[in-house]
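Structure first, commentary second.
The values are calculated or read from the model by the stated rules, or taken from the named source; none is laboratory data. It should be emphasised that the depicted structure is a prediction, and the values quoted were computed from it without experimental measurement. No Cβ is skipped: glycine too gets one built from the backbone with ideal geometry, and neighbour counts run over all protein chains shown.
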There are 2 protein chains.
Amino acid sequence: MKLEATDKLILITNDDGLYAAGLRTLINTMKEFGKLVVISATESRSGMSQALTVKQPLRVKLLEEDDNKRVYACSGTPTDGVKLAVNQLMERRPDLIVSGINHGSNASASVLYSGTMAAALEGCLYKITSVGFSLNSYSATADFSVCEEYIRKVCKQLLREALPDGICLNVNIPALPASEIKGMVVVRQAMGSWKEEFEKRKDPAGKTYYWLTGNFINHEPGSTDTDEWAIKNGYVSVVPVGTDMTAHSFISTLKTKF
Amino acid sequence: MKLEATDKLILITNDDGLYAAGLRTLINTMKEFGKLVVISATESRSGMSQALTVKQPLRVKLLEEDDNKRVYACSGTPTDGVKLAVNQLMERRPDLIVSGINHGSNASASVLYSGTMAAALEGCLYKITSVGFSLNSYSATADFSVCEEYIRKVCKQLLREALPDGICLNVNIPALPASEIKGMVVVRQAMGSWKEEFEKRKDPAGKTYYWLTGNFINHEPGSTDTDEWAIKNGYVSVVPVGTDMTAHSFISTLKTKF
């Protein structure tokens, strides 16, 4: 890869693995913005949250390289991949980290479990402007091209003006034809959780095992300023997500208890 | 286990595994408060963050049971363990979830990677009052008994009065003799990150591999209202941690950009 001083350098990653359709769309969309370093696992790392690989060593393999990009396979989690790329593999710190396009929504509490958003949060910790994109569909034939316009719009802005330290963006795109998407709205994370989370089965030897499953419940379906509301109503949701998990509003009350 | 209607029911978990000294101290301290269900992995799940097991089924094994507690081994992550216990294994929803005692600090940005705190955050999502305890020492001979007094103090309060929905506590205890601990303070998460994160080595076949390592940098060493400051200055830190990761203060600015 030929990197000139004027080139933007962009790190691309995801949690669905190197062969995911969402990653392919993201790479194709981002190549007009600069030189790309891509890092991901060969298999899905979905639901990995910000997990680190601490008990095993990490392996990295350069899979392809041309004038405009390098693609690495990494044995670890999305967070490991960002750490390795920024610390060991890139010519310099990237101007932008873009994660996704995730297969499935990362709105509401999904942000806590998401490997895609963890990669963006890891960027935050390095004070690198970072964003995660997700399409609200798990379908194998989902049309990711609807995301391109919004990826361009968001990344153009982020390359023009960096985000504040410790804040990244969580962008969720409804799985609708382009003509039915009403635009982009800045909203907050909806409060929600899952119900009926397991299927209990017997294996051929008669022993019990469990599959994680469940239905998401939006705890505030009436609120119109949340990501869940936006996606349900045909908008692309943009949520600023912070690495500061302190519940600041509760500090003064808590001080009276201890 | 005999569970009476008046008994408090407490779920105990950790991310260092069933044989960790910190978990033993936690179980011994908590048994005076009620009936215990303990769930953890047989091996360490350190640094697992809020990772979920989605591609493989989960297995659970009842290891021991007496009048006052049941102990389960779980094949998954700390978050899987909490989900399984609450949904499948417990007689009813627990009155309290207590995670730890973690071997090593979970202050500052460690909260994002911590399996111990992920278990408490999972409790939050279920609207169950939850707390994670950590001792600021990785030593194999660390003295966890110094934690007992603070576990008692915090859990007594939490059983008396539930936390608000979506907020749990991150309690970090300095590794000091009891007489040198100055007390407990309610503080916020310090902003920080890691530097020099990898050791690059060659395996016997001459191929490169990486070990995750690194040094923590407190980005705001001058602030006296953070968990890092508290622990460094001999205080037990109590941080309210929220499942809402929205950077609310940035929403109005972000609205002007898109």
Please verify whether B:Ser114 is over 12 Å from B:Leu11 (Cα atoms) and either among the aromatic types (Phe, Trp, Tyr) or under 17 Å from the mean Cα position of the chain (by Cα) (or both), treating the condition exactly as stated. yes
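Quick grid of which residues meet (1) in a helix (DSSP H, G or I); (2) within 13 Å of another protein chain (Cβ to nearest Cβ); (3) surrounded by 12 or more Cβ atoms within 10 Å (Cβ to Cβ); (4) in contact with an Asp or Glu (Cβ under 8 Å, 6 or more places away or on another chain):
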{"residue": "A:Ser137", "(1), (2), (3), (4)": "no, no, yes, no"}
{"residue": "A:Ala142", "(1), (2), (3), (4)": "no, no, yes, no"}
{"residue": "A:Val146", "(1), (2), (3), (4)": "yes, no, yes, no"}
{"residue": "A:Tyr150", "(1), (2), (3), (4)": "yes, yes, yes, no"}
{"residue": "A:Pro164", "(1), (2), (3), (4)": "no, yes, yes, no"}
{"residue": "A:Asn170", "(1), (2), (3), (4)": "no, yes, yes, yes"}
Looking only at the range B:180-216, and only at residues there that are modelled with pLDDT of 95 or more and in contact with a Gly (Cβ under 8 Å, 6 or more places away or on another chain), the one that is farthest from A:Gly123 (Cα to Cα): B:Glu180
Which pairs turn up if I take residues in the range B:173-188 that are among the acidic types (Asp, Glu) and look for partners that are in a loop (DSSP other than H, G, I, E, B) and crowded, with 19+ Cβ neighbours inside 10 Å with beta carbon separation below 9 Å, at least 6 apart in sequence or on another chain? B:Glu180/B:Pro174
Step by step: first the residues of the range A:223-258, then only those that are among the aliphatic types (A, V, I, L, M) and closer than 30 Å to B:Val186 by Cα, then the one that is surrounded by the most Cβ atoms within 10 Å (Cβ to Cβ). Which residue is that? A:Val239
Only one of these conditions is not met by A:Leu125: (1) closer than 20 Å to B:Thr253 by Cα; (2) crowded, with 24+ Cβ neighbours inside 10 Å; (3) over 14 Å from the mean Cα position of the chain (by Cα). Which number is it? (1)
Does A:Phe198 satisfy the condition of being surrounded by 24 or more Cβ atoms within 10 Å (Cβ to Cβ) and either in contact (Cβ under 8 Å) with a residue 60 or more places away in the chain or among the hydrophobic types (A, V, I, L, M, F, W, C) (or both)? no
Could you check, for the range B:187-204, whether at least one of its residues is assigned to a loop (DSSP other than H, G, I, E, B), facing another protein chain (nearest Cβ under 10 Å), under 22 Å from A:Ile128 (Cα atoms) and of a type in the set (S, T, N, Q)? yes
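Can you find, within the range A:172-186, the residue that is surrounded by the fewest Cβ atoms within 10 Å (Cβ to Cβ) among those that are in a strand (DSSP E or B) and more than 7 Å from every other protein chain (Cβ to nearest Cβ)? Spell out how you get there, then give the answer.
Filtering the range A:172-186 down to residues in a strand (DSSP E or B) leaves A:172-173, A:183-186.
Within this subset, residues satisfying the condition of being more than 7 Å from every other protein chain (Cβ to nearest Cβ) are A:172-173, A:183, A:185.
Details: A:Asn172: 29, A:Ile173: 27, A:Gly183: 10, A:Val185: 19.
Of everything passing the filter in the range A:172-186, A:Gly183 is surrounded by the fewest Cβ atoms within 10 Å (Cβ to Cβ).
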B:Asn233 is checked against (1) more than 21 Å from A:Ala118 (Cα to Cα); (2) more than 7 Å from every other protein chain (Cβ to nearest Cβ); (3) under 20 Å from the mean Cα position of the chain (by Cα) and fails just one. What number does that condition carry? (3)
Tally time: how many residues in the range A:78-113 are in contact with an Asp or Glu (Cβ under 7 Å, 6 or more places away or on another chain), assigned to a loop (DSSP other than H, G, I, E, B) and within 10 Å of another protein chain (Cβ to nearest Cβ)? 1
Quick one: what pairs do we get from the range B:130-149, first residue more than 18 Å from B:Pro240 (Cα to Cα), second among the aromatic types (Phe, Trp, Tyr), C-beta under 8 Å, 6+ apart or different chains? B:Cys147/B:Phe133
On the given criteria, is A:Phe258 assigned to a loop (DSSP other than H, G, I, E, B), at the interface with chain B (Cβ under 8 Å from one of its Cβ atoms) and among the hydrophobic types (A, V, I, L, M, F, W, C)? yes
Name the one entry in A:Leu89, A:Leu121, A:Leu112 that is touching a Phe, Trp or Tyr at 6+ places or on another chain (Cβ under 8 Å) and among the hydrophobic types (A, V, I, L, M, F, W, C). A:Leu89
Across the range A:101-111, which residue is surrounded by the fewest Cβ atoms within 10 Å (Cβ to Cβ) among those that are over 9 Å from the mean Cα position of the chain (by Cα) and farther than 16 Å from A:Ala51 by Cβ? A:Gly104
Hits in the range B:63-77 (condition: within 11 Å of chain A (Cβ to nearest Cβ) and either in contact with a Gly (Cβ under 9 Å, 6 or more places away or on another chain) or more than 18 Å from B:Gly123 (Cβ to Cβ) (or both)): B:Cys74, B:Ser75, B:Thr77
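Looking at A:Asp7, A:Asp15 in this structure, which one is surrounded by 15 or more Cβ atoms within 10 Å (Cβ to Cβ), touching a residue at least 40 places away in the same chain (Cβ under 8 Å) and charged (D, E, K, R)?
When all the criteria are applied, what remains is A:Asp15.
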Quickly run through the range A:39-55 and pick out the residues that are more than 8 Å from chain B (Cβ to nearest Cβ), assigned to a loop (DSSP other than H, G, I, E, B) and modelled with pLDDT of 90 or more. A:Ala41
Pick from the range B:151-210, criterion over 23 Å from A:Thr253 (Cα atoms) and β-branched (Val, Ile, Thr), ranking: nearest to the chain's Cα centre (by Cα): B:Ile181
Quick check on my filter: what residues within the range A:205-214 are in contact with a strand residue (DSSP E or B) (Cβ under 8 Å, 6 or more places away or on another chain) and part of a loop (DSSP other than H, G, I, E, B)? A:Thr213, A:Gly214
Assess whether A:Lys35 counts as being surrounded by fewer than 20 Cβ atoms within 10 Å (Cβ to Cβ), away from chain B (no Cβ under 13 Å), of a type outside the set (Val, Ile, Thr) and farther than 25 Å from A:Val111 by Cβ. no
